[in-house]
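Asker: Sharing a structure below in structure tokens format, with a few things to ask.
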Amino acid sequence: MYRLRVFYRKEGMGRFISEKNLHRNIERILRRMELPLKFTEGFSPHPKISFGSPLPVGITGVNERFDVFLVKSIDTASFLENSKDFLPEGIIFTATEWIDITAPSITSMETSAIYTIETSKDIDIEYFNNTGKVLEYTDKKIVVLFKINKLSHKKLIELLVNGNIISITREIL
């Protein structure tokens with residue numbers, strides 16, 4: 001068995017695809033690409049795919065990732081090239097790497113992320129000082145380092161819905 005980590009971007013119209021629909025789409029795409037997928041055992045087998053921490057709808061993801069388990073090795077360059085024909089608009093596979101099958105899970109390795117938040121008006125920096133570490137701050141832009149397990153996306157989504165936010169971008173470290 002082999003474990004391939006796939007890095008991707010979720011931007012443009014793709015940022016409006018919910019995490020659940022994205023997972024379903026990626027599973028279908030991998031099947032259509034006729035990859036030698038490893039399937040779970042049991043009554044209803046499905047491909048073994050492990051996703052990282054979820055990204056809320058409306059937020060751009062720069063360095064998102066998932067692991068796919070395969071029964072034999074593949075050429076990763078042709079995988080990246082062929083994926084362009086299947087992926088929805090705004091989802092782009094950017095890189096791959098082979099991971100040891102016994103390596104820790106993808107979610108346990110994702111501990112922090114940098115959020116770049118661009119605003120149309122001044123933003124309350126106090127919330128970000130209390131929940132994360134502000135790395136950069138200007139009138140219309142704030143860059144914050146958050147611990148993934150400590151962050152509630154609820155406040156970010158509230159800011160996004162209220163119209164103060166132009167864009168939010170997450171980059172997992």
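The values are calculated or read from the model by the stated rules, or taken from the named source; none is laboratory data. Fair warning: this is a prediction, and the values are worked out from it, not measured in the lab. Cβ: placed from backbone, ideal geometry, glycine included. Neighbour counts: every protein chain shown. Ligands, DNA and RNA are stripped out before the accessible areas are found, and what is left, the full protein with its side chains, is counted by its heavy atoms. Shrake-Rupley method; radii C 1.70, N 1.55, O 1.52, S 1.80 Å.
Asker: For the stretch 65-81, give me each residue that is open to solvent by less than 50 Å² (accessible area, probe 1.4 Å) and not in a helix (DSSP H, G or I).
Answerer: Residues satisfying the conditions are Arg65, Phe66, Asp67, Val68, Phe69, Leu70, Ile74.
Asker: Just to verify a result, which residue in the stretch 105-119, among those that are in a loop (DSSP other than H, G, I, E, B) and under 12 Å from Arg5 (Cβ atoms), is modelled with the highest pLDDT?
Answerer: Per the criteria, the residue is Ser105.
Asker: Where residues in the stretch 89-104 are assigned to a loop (DSSP other than H, G, I, E, B) and open to solvent by 40 Å² or more (accessible area, probe 1.4 Å), which of them is nearest to Gly14 (Cα to Cα)?
Answerer: My answer is Glu89.
Asker: Kindly provide the set of residues from the stretch 1-56 that are open to solvent by less than 30 Å² (accessible area, probe 1.4 Å) and either small (Gly, Ala, Ser) or on the phi > 0 side of the Ramachandran plot (or both), ordered by number.
Answerer: Gly14, Gly52, Ser53
Asker: Just one of the numbered conditions (1) among the hydrophobic types (A, V, I, L, M, F, W, C); (2) touching a strand residue (DSSP E or B) at 6+ places or on another chain (Cβ under 6 Å); (3) in contact (Cβ under 8 Å) with a residue 24 or more places away in the chain; (4) assigned to a helix (DSSP H, G or I) is not true of Leu22; which one?
Answerer: Failed condition: (2).
Asker: Would a scan of the stretch 116-126 turn up a residue that is within 17 Å of the chain's Cα centre (by Cα) and open to solvent by 90 Å² or more (accessible area, probe 1.4 Å)?
Answerer: no
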